Amino acid sequence: MKADEPTKVIQVLDDRAAQVWTKGSGEAFVCDRKSTAGSVTQRACAFCGSRVVLYPIADALHIVHGPIGCAVYNWDIRGSLSSGSQLHRNSFSTDLAEKEVIFGGEKKLEASLLELIEYYKPKAAFVYSTCIVGLIGDDVQAICRKVSKKTNIDCIPVDSPGFKGTKKTGYQAACEAAYKLVGTGDTSGISKYSINLMGEFNIGGEAWMIREYYERIGIEVVATITGDGRVDDLRRCHGAALNLVQCSGSMTHLAQLLEEEHGIPLKRVSFFGFEDTAQALYTAAEHFGDPELMCKAEELVRDEIAKYTPKIKAYRKELKGKKAALYVGGAFKAFSLVLALRALGMKTVLAGTQTGNAEDYKQLQDICDPGTVIVDDSNPLELAKFVLEKEVDLFIGGVKERPIAFKLGVAFCDHNHERKIPLAGFEGMLHFADEVAKSVLSPIWKFAPRHELRALKINTQIADTESP
Amino acid sequence: MNPDNTTAQGTPAEGELPASATRNACKLCSPLGAAMVFKGVRSCLPFLHGSQGCATYIRRYMISHFREPVDIASSSFSEEDAIFGGARNFEQGVENVISQYQPELIGVATTCLSETIGDNMLGMIKSYQDKHNSSGPPLVHVSTPAYTGTHSDGYYGAIDQLVRTFAKPMTAKIAGHVNILPAMMSCADLRHLRELCELYQLSPTILPDYSATLEGSSWGEYHRISPGGTSLEEIEEMGSATATIEIGHTRAYLKNTPADYLEKTSSVKRHALGWPLGIRHTDQFVTSLSQISGNRLPESLKDERGRLVDAYADAHKYVSGKTAAIFGEPDLVIAQAAFLSEIGIRPIICATGAKVKKWKQLLSSEIEGGVADVEALSGTDHAKISARIRELKPDLILGSSKGYPIARELSIPLLRIGFPIHDRFGGQRILQVGYRGTLAAFDRVVNALLENKQDTSETGYSYL
């Protein structure tokens, strides 16, 4: 069969067989592996991982040291909002040319940093190393030290050449870099009931909504890391009494550093869906052990749920029984989405993540229904295979998954960080339901070939049973 | 307020403009251009030899513009591979691609990483093929380190490699067979180029032709690789054409282009032409088609040309004396500048991120009325372009979505053309070739100016 002809059979690569698992199959599941070459993974690289984690720190200068490609594809594409500085929305690069690849790029980096700091007056600078920098032997640390001294602005190297690993490796490098700022600020005046919101990137203003919940129940948010992030907040975040970690893949390392060196306990939370958002509020209230906090938290949850439940119920009526596939970055989000979909009366038949770990997947496997397929580090062909085999009605993913869904006449909901709509918190659940419903219930799908074929089949069956 | 001239404190940035760093690049990297070309070959899978991020970033960028599946494989370098070379990963990657996609061709583009460590692509391809007794699909490779050029170079480079690798030297000619080597155009442009050839009874091999692979129909079943594109056989037979039309002003001055190669190896006559946008350039294009086919201008085209001249007359006063800033790939910018000057708009800023030798000179040969008032910026970035736009305040900006921040800041209409367009729909089907494409482009320009005038007027007439 030729490659461009329609295909009914898509095989999973042998190398990847153990990363595809069906609940109830009794087989072993493998994850946390390097991507197989040629598999067309949906993952990016270590550079991408560190770039996206630090990106929302709005009053810092972010400069990519390397040839232009690495910097240009992430220029102002993410939905992380800032309440003030918009400096992070620029794409700065040393844009190394051949002569610098041969003779070194240190001079250009130094000049770039000095000029940019003078012009934009950032509170700190992050310097991202790309593949090339690792190879040509530029001493980025030395340049950063030199420029820090000259300008009195912290210049922090981020060790993130793409080949170092997956996004996860980059997350680690980002945490290490961010941690350089931690502990350098004044923590006086911070409430004993205080938290850092970690792994919350303020997509469409989500961090603002969540911060407001905590403030309403009497808990101070010292820093959101890194959504609507500020250098000075990072400097004093060690003054918080508790770390709540949402996107665990990206932020656990920083939270652990804060636990080890500043004694701040960490708890994993999620803000997707009513259940998880409520739980996240209770987790903090419970931690501080003040009954008044819990009382207020319960009241808030009651109020919020009452506000949105009637609307959610209306959506549920229309979405009930629909089948969903989801493929997202981290497993904790997948976990929440399964629950959120359930709240809408929908069933998850395929769930996967780019970078989940064994512990994450264990949880995911536990909450999924029997027969659900779970995939780690999947690719377009596998995803298409299961979309077809499972007769999926809705796909939840990011830009790279979107055309798979749309080509096959399947509804789609963007749950990646390029989206501009808040999906977290109680209000976010309503947006989520709305996003799902707008696509699933659209009248256009009847024209898609897959649906026409299905309709034809049903009509033939009816005709067959009606004929004598 | 624009992030490119505002400090972290939200105050206007002052002092000397930073010159060393690139601020908001007006270019993409060369492997992207190569991948786009490989997407235009039938059953071809693009393969980037380097770190995983390169392939993923490029996929996402292309998907956001074309809104189609764009699968690009990678050899997914690890730290070890970066030290010891990527041969092992390359081989494994190619095998996996063959087993998953069953492609008829694998188009390999290198990356900064593999180029810098000095991976010998040709050697690796040969050793792979030797090991497999040359069974399996052929592989072609193009060298695309991002530190030597832009996506435009990757685009032309991949066409060049495809032709040199696969086109067989041929002496026998097939009447009516013509090759078209387009600049980086939209899917609609490529379809219309074919239509124009067919109007002259010519049968074209267009390389690349991603008009269907990057703008296809809805599917009932999944296709491993999007249907469409120029087949390998067609590329092999390019030597049997009587002529090659090579589109792109910057290409016309070059020797050793793929059209030049076909001329030398198979006596296929090279027609080096500009982008057929505007009456002058479309006239040149159809003249070439006439010469190649021996057929006269078809009535339908004559009518289209007539309607275009008539439309110019109807609306000329609304555009006359206006000024514009254009940015994008060199050939796109020259084409637009030629067109705008033809209708009486002054292209006062002509900017490209690529470093183009004699940029102003190239522009001067195409801009009617001289280039005394034209700022020709090459090797530039969006922050610098914005600074010039603030100073010169043109009436119109033409370019990709990346012009939006400055257009918004100054309330200047932005006409989206080129790549990437990811804040509007339909970037893949903007037509700007031929008389028909020129008419569409002309209407867009006129209406953008009218809309702006209407929106900012006090009275707001609905009758203009």
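Hey, can you tell me all the residues within the range A:61-77 that are touching a residue at least 40 places away in the same chain (Cβ under 8 Å) and surrounded by 21 or more Cβ atoms within 10 Å (Cβ to Cβ)? Lay out the reasoning, then the answer.
Of the range A:61-77, the ones touching a residue at least 40 places away in the same chain (Cβ under 8 Å) are A:61-67, A:70, A:77.
Matches in the range A:61-77: A:LEU61, A:HIS62, A:ILE63, A:VAL64, A:HIS65, A:GLY66, A:PRO67, A:CYS70.
The set of residues in the range B:150-165 that are buried (at least 19 other Cβ atoms within 10 Å of the Cβ) and not β-branched (Val, Ile, Thr) comprises B:HIS151, B:SER152, B:ASP153, B:GLY154, B:TYR155, B:TYR156, B:GLY157, B:ALA158, B:ASP160, B:GLN161, B:LEU162. Residues that are buried (at least 24 other Cβ atoms within 10 Å of the Cβ), more than 11 Å from every other protein chain (Cβ to nearest Cβ) and part of a helix (DSSP H, G or I) within the range A:119-142 are absent altogether. From the list A:THR187, A:THR166, the one residue that fits, being touching a Lys or Arg at 6+ places or on another chain (Cβ under 7 Å), in the same structural domain as A:PHE103 (by TED's automatic domain parsing) and touching a residue at least 40 places away in the same chain (Cβ under 8 Å), is A:THR166. If you go through the range B:221-247 and pick out every residue that is closer than 19 Å to B:ALA167 by Cβ and in a loop (DSSP other than H, G, I, E, B), you end up with 4. Residues in the range B:63-80 that are over 30 Å from B:SER401 (Cβ atoms) and buried (at least 24 other Cβ atoms within 10 Å of the Cβ): B:SER75, B:PHE77. Just one of A:ALA325, A:ALA255 is under 21 Å from the mean Cα position of the chain (by Cα) and outside any helix (DSSP H, G or I); which is it? Just one listed residue meets the conditions, A:ALA325. Flag: B:GLU233 matches the condition of being without any contact (Cβ under 8 Å) to a residue 12 or more places away in the chain and within 14 Å of another protein chain (Cβ to nearest Cβ).
B:PRO12 meets the conditions (1) at the interface with chain A (Cβ under 8 Å from one of its Cβ atoms); (2) over 17 Å from the mean Cα position of the chain (by Cα) in every case but one. The failed one is (1).
Screening the candidates A:LEU109, A:LEU61, A:LEU116, A:LEU96 for the property of being facing chain B (nearest Cβ under 7 Å) and not in a loop (DSSP other than H, G, I, E, B) yields one hit, A:LEU116.
Applying the condition of being buried (at least 22 other Cβ atoms within 10 Å of the Cβ) and more than 17 Å from B:ALA158 (Cα to Cα) to the range B:246-270 and asking which residue is farthest from the chain's Cα centre (by Cα) yields B:VAL268.
Here A:GLU418 does not fit the description of being among the charged types (D, E, K, R), under 22 Å from the mean Cα position of the chain (by Cα) and closer than 19 Å to A:ASP276 by Cα.
Of the residues screened, B:ALA82 is one that is under 18 Å from A:LYS34 (Cβ atoms) and at the interface with chain A (Cβ under 7 Å from one of its Cβ atoms). Across the range A:70-107, the qualifying residues are those that are among the small types (Gly, Ala, Ser) and within 22 Å of the chain's Cα centre (by Cα), and the one among them that is nearest to A:PRO161 (Cα to Cα) is A:ALA71.
Only one entry in B:ILE385, B:ILE349, B:ILE389 is assigned to a strand (DSSP E or B), in the same structural domain as B:PHE327 (by TED's automatic domain parsing) and touching a residue at least 12 places away in the same chain (Cβ under 8 Å), namely B:ILE349.
For the range B:296-313, the criterion of a residue being polar (S, T, N, Q), out of contact with any Pro (no Cβ under 9 Å at 6 or more places or on another chain) and surrounded by fewer than 21 Cβ atoms within 10 Å (Cβ to Cβ) is satisfied by at least one position.
Out of all the residues in the range B:153-172, is one or more without any contact (Cβ under 8 Å) to a residue 12 or more places away in the chain, outside the structural domain of B:GLN284 (by TED's automatic domain parsing), assigned to a loop (DSSP other than H, G, I, E, B) and out of contact with any Lys or Arg (no Cβ under 6 Å at 6 or more places or on another chain)? Checked the range B:153-172: no residue is without any contact (Cβ under 8 Å) to a residue 12 or more places away in the chain, outside the structural domain of B:GLN284 (by TED's automatic domain parsing), assigned to a loop (DSSP other than H, G, I, E, B) and out of contact with any Lys or Arg (no Cβ under 6 Å at 6 or more places or on another chain). Of all residues assigned to the range A:76-87, at least one qualifies as being farther than 25 Å from A:ASP232 by Cβ and either in the same structural domain as A:ASN202 (by TED's automatic domain parsing) or not acidic (Asp, Glu) (or both). State yes or no: is B:ALA25 surrounded by fewer than 21 Cβ atoms within 10 Å (Cβ to Cβ), of a type in the set (A, V, I, L, M) and closer than 19 Å to A:ALA71 by Cα? Taking the combined requirement at face value, the residue does not satisfy it.
In the range A:78-93, of all residues being at pLDDT 95 or above and surrounded by fewer than 21 Cβ atoms within 10 Å (Cβ to Cβ), the one that is farthest from the other protein chains (Cβ to nearest Cβ) corresponds to A:LEU81. Across the range A:308-323, the number of residues qualifying as loosely packed, with under 13 Cβ neighbours inside 10 Å and either aromatic (Phe, Trp, Tyr) or within 30 Å of A:SER194 (Cα to Cα) (or both) comes to 0.
Check whether at least one residue in the range A:182-196 is crowded, with 24+ Cβ neighbours inside 10 Å, more than 30 Å from A:THR41 (Cβ to Cβ), in contact with a strand residue (DSSP E or B) (Cβ under 8 Å, 6 or more places away or on another chain) and at pLDDT 95 or above, and report yes or no. Checked the range A:182-196: at least one residue is crowded, with 24+ Cβ neighbours inside 10 Å, more than 30 Å from A:THR41 (Cβ to Cβ), in contact with a strand residue (DSSP E or B) (Cβ under 8 Å, 6 or more places away or on another chain) and at pLDDT 95 or above. Of a type in the set (Asp, Glu), touching a residue at least 60 places away in the same chain (Cβ under 8 Å), more than 14 Å from every other protein chain (Cβ to nearest Cβ) and part of a helix (DSSP H, G or I): is that true of B:GLU198 in this structure? It is false that B:GLU198 is of a type in the set (Asp, Glu), touching a residue at least 60 places away in the same chain (Cβ under 8 Å), more than 14 Å from every other protein chain (Cβ to nearest Cβ) and part of a helix (DSSP H, G or I). When the residues of the range B:96-120 are filtered to those that are more than 7 Å from chain A (Cβ to nearest Cβ) and either part of a helix (DSSP H, G or I) or free of Cβ contacts under 8 Å to residues at least 60 places away in the same chain (or both), the one that is farthest from A:ASP159 (Cα to Cα) is B:ILE98. For B:GLN52, the conditions (1) within 7 Å of another protein chain (Cβ to nearest Cβ); (2) over 19 Å from A:CYS48 (Cβ atoms); (3) not basic (Lys, Arg) are fulfilled apart from (2).
For the range A:11-58, the set of residues classified as on the phi < 0 side of the Ramachandran plot, in contact with a Pro (Cβ under 8 Å, 6 or more places away or on another chain) and part of a loop (DSSP other than H, G, I, E, B) consists of A:LYS23, A:GLN42, listed by residue number. Screening B:ASN5 against (1) facing chain A (nearest Cβ under 7 Å); (2) among the polar types (S, T, N, Q); (3) touching a helix residue (DSSP H, G or I) at 6+ places or on another chain (Cβ under 9 Å); (4) surrounded by fewer than 22 Cβ atoms within 10 Å (Cβ to Cβ) leaves a single unmet condition, (1).
The values are calculated or read from the model by the stated rules, or taken from the named source; none is laboratory data. Small disclaimer: the values here were computed from a predicted structure and weren't measured. Note: ideal-geometry Cβ built from the backbone for every residue, glycine included; neighbour counts use all protein chains shown.
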